[in-house]
Amino acid sequence: MKVSQIAGFLGSGKTTALMKIGEGLVKKGCRIAIVVNDVGEISIDSKFVEANGLEAREIAGGCICCQIAGSFAETLVKLHEGFNPEIVIVEPSGVAIPWGLKRAAEYSEAKSDMSIEHAPVITLVDATRIDMLMKAVRRLVETQIREADVCFVNKVDAAKAEDIAKTEELIRNINPRAEIAHLSSVTMEGMDLIYDIIVNRISPRYDDAVEEELLRKEYDKRG
Amino acid sequence: MNHIERAMAALTDGEADRLTTYPIACGVNRKLLGDNVTYAEWCRDPKLFADAFVAGQKYFDFDFAIGLMDLSVMAGDLGAHVRMDDENTPFVDKYIVNDLEDYEKLEVPDIKAGRTGVLIEGTRLFTEKLKDEVICAAFLEGPLLALTQSAGAERVFMDMFTNPSAVHAGLETMTEFDVQMVEAFSETGAPGLVWDYLWGNYSCLGDKEYDEFEGGSKYAGKLNKLAVDLGFANCVHNCADLPHLDTQIKKFKPAIYSMAYYPLIPDSPSAGETIEKGYADECLLAGNIDPQFFIRASEEKISKVTADLCQEVKTALCKKGLNSRYCIASGCEVPPDRVTKLENIKAVVDVTKEEGVLGDC
């Protein structure tokens with residue numbers, strides 16, 4: 001089962017984008033579950049979910065990876081044993097650490113006969129509020145950008161050109177290795193790229209990445 | 001040495017026979033009470049809560065006992081809804097603070113009722129049974145953590161900027177709640193008190209913001225002083241990725257500082273680096289085995305990880321001219337999950353007994 005994280009601070013348009021992405025991938029023939037933060041921007045519309053052949057679950061907006069790890073893993077197990085989705089799209093809380101969510105997802109392998117792979121971590125950055133976000137919650141926004149594989153400048157339909165450019169520059173400064181793209185849940189700009197990223201690309205597993213990093217540090221230490 | 005002699009030596013950097021060890025095994029201990037005790041039952045019954053720590057001590061032979069329940073206890077008693085799965089850590093799934101006015105409306109509940117009452121009485125019970133064997137400690141959420149559990153972390157962080165006075169109003173209530181809890185814990189006989197000051201974390205807050213919203217004299221400063229004045233060995237736990245070590249160790253001056261390690265987060269400090277930077281000169285450090293190993297690793301793997309950590313710590317202590325100022329622990333709570341491997345907890349303790357032996361550098 002593949003887990004795809006779509007991160008972003010509260011109000012960044014995560015839940016709306018996630019619903020659109022889920023709907024679009026179902027139309028392309030994928031079996032999709034969505035797991036949203038239950039204290040997120042909007043509630044899951046059960047009629048929308050049913051009408052679009054999705055399966056939906058909620059997880060705590062808990063701040064701490066160790067606090068929500070067990071329940072998140074249990075949610076994945078229940079999805080696997082019931083709906084058996086190919087891809088689970090997750091909207092973590094704006095203060096969750098993407099690596100922590102990967103680790104929690106991999107816990108589920110100990111609970112059920114399943115194996116987890118990860119899509120690249122996507123972070124949505126709200127171009128319409130970038131100045132305010134950087135004043136109010138700079139460190140959290142920087143953390144989410146730093147941890148992303150791909151950053152989407154979101155709400156490009158409503159943002160001014162200079163704010164879009166400023167957001168791109170910010171992302172480049174914080175995480176030069178991240179791919180940058182534009183997204184709009186209104187015009188659907190960037191949606192095909194998101195579908196491709198989620199379906200066709202892979203991001204490292206937590207356990208493999210940790211092993212690799214610890215080995216690297218060991219070699220560095222030995223000179 | 002017995003557990004208390006060893007722990008006392010480590011607290012004062014005296015000569016100890018080996019490193020101390022305490023994987024933060026709390027809710028998982030209920031598995032030792034039989035298959036029928038769910039998390040929901042364990043965290044609502046002071047006798048079950050205490051019995052699990054006593055059973056855990058007997059089975060694992062730890063060097064400390066710390067009465068962590070979970071991080072939704074205070075928020076739940078304030079009125080937030082807590083989702084209580086049978087086998088997982090409970091968590092808040094409906095906040096009590098939903099708009100700015102709600103911060104002002106928070107009121108300290110009756111701490112003898114609800115799960116705070118269970119926590120206090122449970123701590124008293126396990127301390128009574130274990131006090132001659134190990135150093136026991138109560139566990140309590142710091143004011144900012146209790147507030148984010150009640151209001152949602154994203155909301156609180158945004159309100160710190162847009163409506164700081166509302167956040168301060170909430171923090172004042174949480175601090176008063178904590179004052180009452182500390183006073184109640186002082187009657188339990190537990191010699192230690194562990195604070196969870198999670199948000200002292202550079203991924204979320206800078207020094208200035210942390211000082212204003214927790215680290216300063218109005219909140220953590222006041223609570224730390226109260227704990228010390230009441231005779232507690234005041235301790236801090238912070239499982240975040242980039243902890244505010246200068247504030248939480250050098251300024252708070254805890255007896256024990258428990259922390260995690262995130263090898264994939266740039267600048268997350270390893271055990272060796274933390275000792276090297278002088279923080280073990282200030283207090284007994286504790287960490288930092290990845291909690292996932294208690295679920296997913298083989299016994300052989302976690303034994304190797306523990307042995308490697310013992311070696312790293314001993315080498316770093318020697319370089320700094322220190323004796324015993326590190327406790328082999330888990331950084332975060334050992335997952336209280338039905339699939340957590342008890343044999344892996346035991347392996348950490350047993351390997352520390354062998355590989356953590358201290359001698360001449």
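Using only the Cα atoms of chain B, what do you get for the radius of gyration and for Dmax, in Å?
Calculated on Cα positions, Rg and Dmax stand at 19.2, 61 Å.
Ignoring everything except DSSP H segments at least 4 long, calculate the 222 nm mean residue ellipticity for chain B; use -39,500 (n - 2.57) per segment, divide by total residues, nearest 500.
Taking each H run of at least 4 residues, the total per residue is -13000 deg cm²/dmol.
Tell me, which cysteines of chain B are without a disulfide-compatible partner by the Cβ under 4.7 Å rule?
When partners are defined as cysteine Cβ atoms under 4.7 Å apart, chain B leaves B:CYS26, B:CYS43, B:CYS136, B:CYS204, B:CYS235, B:CYS283, B:CYS310, B:CYS327 without one.
Post the alpha-carbon centroid distance, segment B:232-250 to segment B:86-120, in whole angstrom.
Taking the Cα centre of segment B:86-120 as reference, the centre of segment B:232-250 is 24 Å away.
Determine the sum of side-chain charges near B:GLU15: Lys and Arg each +1, Asp and Glu each -1, restricted to other residues whose C-beta is under 14 angstrom from that of B:GLU15.
Taking every other residue near B:GLU15 into account, the sum is 0.
Can you put B:GLU300, B:GLU354 in order, fewest other beta carbons within 10 Å first?
B:GLU300, B:GLU354
Rank these for me by crowding, A:ILE34, B:ILE120, going from fewest to most other beta carbons within 10 Å.
B:ILE120, A:ILE34
In which sequence would A:LEU25, A:LEU76, B:LEU342 go, from the one with the fewest C-beta neighbours within 10 Å to the one with the most?
In order of increasing Cβ crowding within 10 Å: B:LEU342, A:LEU25, A:LEU76.
Here is the link list: A:LYS221/B:LYS304; A:LYS102/A:LYS217; A:LYS102/A:LYS160; A:LYS102/B:LYS341; A:LYS135/A:LYS217; B:LYS208/B:LYS320. Which ones come out longer than 24 Å on Cα distance?
A:LYS102/A:LYS160; A:LYS135/A:LYS217; B:LYS208/B:LYS320
Each label point is 7 Å from the Cα along the Cα-to-Cβ direction; what then is the distance between the points at A:ARG138 and A:ASN173, in nm?
According to this spin-label approximation, the distance is 0.9 nm.
Under the classification rounded if a/c is under 1.5, otherwise prolate if a/b is larger than b/c and oblate if not, where does chain A fall, given a ≥ b ≥ c as square roots of the Cα gyration tensor eigenvalues?
Oblate, because a/c is 1.5 or more while a/b does not exceed b/c.
Each reported figure results from applying straightforward, stated rules to the coordinates on display, with no laboratory input. Quick caveat: nothing in here was measured; it's all calculated off a predicted structure. Positions of Cβ are generated from backbone atoms using ideal geometry, with glycine treated the same way; all protein chains shown enter the neighbour counts.
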